[in-house]
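The values are calculated or read from the model by the stated rules, or taken from the named source; none is laboratory data. Predicted model only: the values in this text are computed from it and were never measured. Don't worry about glycine lacking a Cβ; one is built from the backbone with ideal geometry, like all the others, and counts go over all protein chains shown.
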Amino acid sequence: MRNWWIPFCFSMLVQAQDKYPKDYFGSPLDINLSIAGSFGELRPNHFHSGIDFRTQQKEGFPVYATADGFISRINVSNFGYGKCLYIDHPNGFTSVYAHLQRFSPTVDKVARNHQYMTKSYTIELRPDATVIPVKKGDLIGYTGNTGGSSGPHLHFEIRNTISEFAINPYLFGYDKQVKDTKKPIINGLMVYPFSENGVVNGSQNPMYVPLTLEEDGTYLASKIEAKGKIGFAINAHDISDYNFGKNGIYKLEASLNGVPHFAYDFETFSFDESKHINCFIDFPRYKKTHQRYQKLFVGYVFPESIIKLKKDDGLIEGANNLSFTYKLEIQDFHGNKNIVNIPISFTELPIKEPKTVAKTPYFLKSQNEQLYEKDRISVFIPEQTFYEDFYLNFGVKNNQLTLHDESVAVSKPMTITFNVKAIAEKDREKMFIGNLDDGKTEYNATTKKDSTFVIKTKKLGKFLLAKDTIAPKIFAPNFKEGENLDKRDSLKIFISDNLSGIREFNAYLNGAWILMEYENKLNRLIHYFSDNKYQDGKNDFKLVVTDNLGNTTTFESNFYKTKL
């Protein structure tokens, strides 16, 4: 059986290479490419859908179209990808360039026209093929740190234009620009007993498995004595030359006595599957330790494009007195590999450490919808909201809802309803359903109808009725009233809100709406004078900021400017 697997894997590799042109796409940058984040890397609540290229901890490097095509989407957001461009190419792929500082003049003109037309900084624009055609190597923007980025870099993707599946850019030849002679790093191994009678080394609870580095460079796990079904999870990451950041591994293949048993790789996946990272890893352990153990078994929902083989759902079971070798091969895209051998023997075992389960009156069956109600508060949970069955901690005390805790992964939004009939109508206007995070109240968008408040949420924890009556702050403008700004290229001012968050802001110059770019990480608004919206001489400036509960602050001032 061992021999047929090798030509099968080679055939699959050849097919992948044939599907993706190696020399079609060029570099999006004219600096040496250094990888800060890899495709499929494990991130909070998602798989990383592209490659992060370092930009020397600076912004403003030119970004170029990697191939001929046209700009099919212009997106400007305060979150996520920030300023982002999409280029459709005639070969059926789309390239994506995210967290840009600014667009090229050609793109910027189209974006700004739309922003002024809609009077909105955030836009999503889908031009047709005739509006902004590009050639390979054309300037399209500059690297930045906008949106959800935590530092200057270029996030780069390649997608299938029709399916919109994200595809590993290494498959298009970008691996040639990254030197990698280093094997993936093995950080730890866990074993999990399953079924009522499952036992591992006398315990019914998950156990850490010690590993020993052998002379040949492979790892040997300490012997597993088991009864019933068991499964494993591995904590591993990849590094490359000149880069010691913890990147994701590309491929894992597991065999049982030489027979393929479980496998996954990061060739491609859909964005709908990305949230399933929380069942791909041991989520409770991650929430407790911040370590991501990648499970080698699956439940009823899993990222199907990533999991390539799952014999018996990845679980292992054997009759008494049978022994197995479970072999893991963890590999990066460049073929560097680490191997873990795990000896397993099945035998009758006494239970020395029974399974620890915190039982409650509410056993939640994940395949069924559920409704929980108490003291004018209800929680509706659709089917398949959770990845497995568990005892739910549900309770209401002093008008505060307890809905389990963050140790359980949530796949779908739940509906939480508070009946507020006992609260006077005039007091409801500035109220919302909040949740507590480390003792701090967080805002949730709340729908209000008659005497009910409703939220849709994927959060667990404590919920309560909260109130926000404090208006946003406007502060630290980069000019004094009446100052001449001829030597300034922009107007800057800062805004913030203490609780419900900024819902909208509108700025006016001499009574006309002007575009202000919002960087929420810095609480900063900027208007660039290159828009030529000012008049010669005195200019009256007005800024109105409103939070999500309708509290509003207005700032008014004036400055002088001379048209050139």
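Table: residues versus (1) in the same structural domain as ALA422 (by TED's automatic domain parsing); (2) loosely packed, with under 13 Cβ neighbours inside 10 Å; (3) at pLDDT 95 or above.
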| position | (1), (2), (3) |
| --- | --- |
| LYS440 | yes, yes, no |
| THR446 | yes, no, yes |
| THR457 | yes, no, yes |
| PRO477 | no, no, yes |
| GLU483 | no, no, yes |
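The set of residues in the range 267-281 being aromatic (Phe, Trp, Tyr) and either on the phi > 0 side of the Ramachandran plot or buried (at least 20 other Cβ atoms within 10 Å of the Cβ) (or both) consists of PHE269, PHE280. The C-beta contact set for the range 520-539 (first residue in contact (Cβ under 8 Å) with a residue 60 or more places away in the chain, second residue assigned to a strand (DSSP E or B) and surrounded by 12 or more Cβ atoms within 10 Å (Cβ to Cβ), distance under 8 angstrom, 6+ apart or interchain) comprises ASN520/ILE502; ASP531/ILE514. Only residues that are surrounded by fewer than 20 Cβ atoms within 10 Å (Cβ to Cβ), more than 13 Å from the chain's Cα centre (by Cα) and assigned to a loop (DSSP other than H, G, I, E, B) were counted in the range 62-87, giving 3. No other residue among LEU499, LEU436 is surrounded by 14 or more Cβ atoms within 10 Å (Cβ to Cβ), in contact with an Asp or Glu (Cβ under 9 Å, 6 or more places away or on another chain) and in the same structural domain as ARG376 (by TED's automatic domain parsing) apart from LEU436. Counting only residues that are part of a loop (DSSP other than H, G, I, E, B) and free of Cβ contacts under 8 Å to residues at least 60 places away in the same chain, the range 266-310 holds 4 of them.
Taken over the range 319-348, the criterion of being touching an Asp or Glu at 6+ places or on another chain (Cβ under 8 Å), among the hydrophobic types (A, V, I, L, M, F, W, C) and surrounded by fewer than 20 Cβ atoms within 10 Å (Cβ to Cβ) is satisfied by ILE339 alone. Residues that are farther than 15 Å from ILE351 by Cβ, touching an Asp or Glu at 6+ places or on another chain (Cβ under 8 Å) and either assigned to a helix (DSSP H, G or I) or among the β-branched types (Val, Ile, Thr) (or both) within the range 179-207 comprise THR181, ILE185, listed in sequence order.
For (1) in contact (Cβ under 8 Å) with a residue 24 or more places away in the chain; (2) farther than 21 Å from ASP405 by Cα; (3) of a type in the set (Phe, Trp, Tyr), each residue gets a yes or a no:
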residue: THR417; (1), (2), (3): yes, no, no
residue: GLU429; (1), (2), (3): yes, yes, no
residue: LYS440; (1), (2), (3): no, no, no
residue: THR447; (1), (2), (3): no, yes, no
residue: SER451; (1), (2), (3): yes, yes, no
residue: THR457; (1), (2), (3): yes, no, no
residue: PHE463; (1), (2), (3): yes, no, yes
residue: THR469; (1), (2), (3): yes, yes, no
residue: LEU485; (1), (2), (3): yes, yes, no
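Those strands (runs of 3 or more DSSP E) of the range 321-419 in which at least 2 residues are over 28 Å from the mean Cα position of the chain (by Cα), considering only elements entirely within it, cover 323-331, 337-346, 362-364, 370-374, 377-381, 394-397, 414-419.
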